[in-house]
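Report on the structure given below.
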Amino acid sequence: MADNTSDNLRIRVERNPPESKLSELNIKCWPKWGCSPGKYQLKFDAEETCYLLKGKVKAYPKGSSEYVEFGAGDLVVIPKGLSCTWDVSIAVDKYYKFESSSPPPPQPPPSTSSSSSQ
């Protein structure tokens, strides 16, 4: 039986995206986060897009011996629901943004008739 979860929970890395894409994403307005070298257990409750200004990371998805490596200059998308260990060999400094966990519910159309009129 095929394991679809591994495809759904795959980290996507875009190496050296063009400046035009970074501007379009408005990355310089995103919050910043950093960490020193070490190992970190992380669980992503929402999809995260991040752009590494510096650093080097090997991310090991939970239950897998394979890893995804990324570092300075990479645009990385980490899927919602992924648990992984980050093995940080060079201190990380990154811009990041979380996607909202669900889209806002559709708003009902405004009522044109007033039910409170007598």
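For segment 15-38: of the residues being touching a Phe, Trp or Tyr at 6+ places or on another chain (Cβ under 9 Å) and in a helix (DSSP H, G or I), which is farthest from A91 (Cα to Cα)? Lay out the reasoning, then the answer.
Pass one, segment 15-38, residues touching a Phe, Trp or Tyr at 6+ places or on another chain (Cβ under 9 Å): 15, 17, 22, 25, 27-33, 35, 38.
Filter once more, keeping what is in a helix (DSSP H, G or I): 22, 25, 27-29.
Numbers: L22: 22, L25: 24, I27: 20, K28: 19, C29: 21 Å.
Result: L25.
What pairs can you find where one residue is in segment 81-96 and touching a residue at least 40 places away in the same chain (Cβ under 8 Å), the other is among the acidic types (D, E) and part of a strand (DSSP E or B), and their Cβ atoms are less than 8 Å apart, with a gap of 6+ or different chains?
Close Cβ pairs satisfying both conditions: Y96/E48.
Considering segment 7-18 alone, what residues qualify as being of a type in the set (D, E) and in contact (Cβ under 8 Å) with a residue 12 or more places away in the chain? Talk me through it step by step, then tell me what you get.
As a first pass, look at segment 7-18 and keep what is of a type in the set (D, E): 7, 14.
E14 - this is the single residue of segment 7-18 that is of a type in the set (D, E) and in contact (Cβ under 8 Å) with a residue 12 or more places away in the chain.
Which is of a type outside the set (V, I, T), touching a residue at least 60 places away in the same chain (Cβ under 8 Å) and either closer than 18 Å to E99 by Cα or touching a Lys or Arg at 6+ places or on another chain (Cβ under 6 Å) (or both), of K28, K21? Even if it seems obvious, please write down each step before you answer.
Numbers: K21 fails: touching a residue at least 60 places away in the same chain (Cβ under 8 Å).
Exactly one of K28, K21 is of a type outside the set (V, I, T), touching a residue at least 60 places away in the same chain (Cβ under 8 Å) and either closer than 18 Å to E99 by Cα or touching a Lys or Arg at 6+ places or on another chain (Cβ under 6 Å) (or both), namely K28.
Under 8 Å between Cβ atoms, which residue pairs at least 6 apart in sequence (or on different chains) link something in segment 39-64 that is assigned to a loop (DSSP other than H, G, I, E, B) with a partner that is small (G, A, S)?
Between residues of segment 39-64 that are assigned to a loop (DSSP other than H, G, I, E, B) and residues that are small (G, A, S), the close pairs are F44/G81; F44/S83; D45/G81; D45/S101; A46/S100; A46/S101; K62/S83; S64/S6.
Every read-out reported here was derived from the displayed coordinates using simple, explicitly stated rules and does not represent laboratory data. Predicted, not measured: the structure shown is a model, and the values here were computed from it. For neighbour counting, all protein chains shown are included, and Cβ atoms are generated from backbone atoms with ideal geometry for every residue, glycine included.
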